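Notes follow once the structure below has been shown.
Laboratory data are not the source of any read-out in this text; all were calculated from the coordinates shown. It should be emphasised that the depicted structure is a prediction, and the values quoted were computed from it without experimental measurement. Cβ: placed from backbone, ideal geometry, glycine included. Neighbour counts: every protein chain shown.
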Amino acid sequence: MKEVLKDLDKAFENKIRLGIMSALVVNDSLDFNTLKDLLGVTDGNLASHLKSLEKNEYIQFKKEFLDRKPHTDYSATTKGKDAFKKHITAIEQLLK
Amino acid sequence: MKEKYIEDLREIKKMMNLSTRFISLSGLSGVSIGIIALFGVWFADHIVFKDQNYLVADRIELSDKSITHILLIAIGTLLLSTITAIFFTVKKSKQQNQNVWNHQTKRLLINLFIPLIAGGLLCFILLFKGFIGLLPPLTLMFYGLALVNASKYTLPEIRSLGLFEIVLGLIAVQLIDYGLFLWAFGFGILHIAYGLFIQRKYQS
């Protein structure tokens, strides 16, 4: 039991961060507005959760300018994908 | 504690689906496309194919009048189907509080249109060369291929609809004189049947 609990990731305890990660592991990349639409959250709320995932190095972003407007594409890092997989396995173990 | 994790798993699944698939496909648009297709086939049968043995694999001398009639019926059917499909889909998106024009819609449409436009252009060329008998089987096949290709980005049922259309298209090449009948079955009856099924299954 203790082993399993160790694999549960604090970063994914929050529902919005869990949602961001779920969407990013099945898509090559998603931009800020798409994520906002998907999760139905405010700009500020989403930005703060993205920042916290970035700090963990679970996601990365690429900023570019389209029609002179900033456009940010987010994607999951290998580290993030591994952590997410571990987290889901842990949940499945717990629910067995 | 357990409930929280069951809820988490549900959320993960929901976000994975929402972010990759276009889920606002309306069953009613399938039904309406099917009905319009049946009307289209009826017009084609009565105006162009009546008394004429066009349903063969060989090249045929088509009068300009016949070509114009076929093009008008085809464009009319296509236009009406597209408009009703968009109408019901937008309506359903609004019900589900989804944005219609998003990243998932664009991906679905791009993948649908690659085989569809290729097939459409091929049929256009064949029509002007007089191979009119090949149009019902080929439109069925390319539509089926387009559906299979697009099914990864929308409701999973679309894949089997696509497979059925491909098989019907192949049968229609073999039984070429039944081309219009098979076309009516593929575009008419199957759309209505799948539309009703989807409408019932995803009604919320």
| query | For A:Lys69, all conditions in the list (1) surrounded by fewer than 20 Cβ atoms within 10 Å (Cβ to Cβ); (2) more than 18 Å from B:Ser19 (Cα to Cα); (3) within 13 Å of another protein chain (Cβ to nearest Cβ); (4) not aromatic (Phe, Trp, Tyr) hold save one; what is the number of the exception? | reply | (3)
| request: Scan segment B:113-137 for residues that are loosely packed, with under 15 Cβ neighbours inside 10 Å and closer than 30 Å to B:Met16 by Cα and jot them down. | output: B:Phe113, B:Ile114, B:Ile117
| query | Which fully enclosed helices (runs of 4 or more DSSP H) of segment B:1-112 have 3 or more residues being surrounded by 14 or more Cβ atoms within 10 Å (Cβ to Cβ), in contact with a Phe, Trp or Tyr (Cβ under 8 Å, 6 or more places away or on another chain) and away from every other protein chain (no Cβ under 14 Å)? | reply | B:27-44, B:64-95
| query | In segment A:1-58, which residues are more than 14 Å from chain B (Cβ to nearest Cβ) and farther than 22 Å from A:Lys86 by Cα? | reply | A:Thr42, A:Asp43, A:Gly44, A:Asn45, A:Ala47, A:Ser48
| Out of segment B:163-189, which residues are closer than 24 Å to B:Asn111 by Cβ and surrounded by fewer than 20 Cβ atoms within 10 Å (Cβ to Cβ)? | B:Leu163, B:Phe164, B:Ile166, B:Val167, B:Leu170
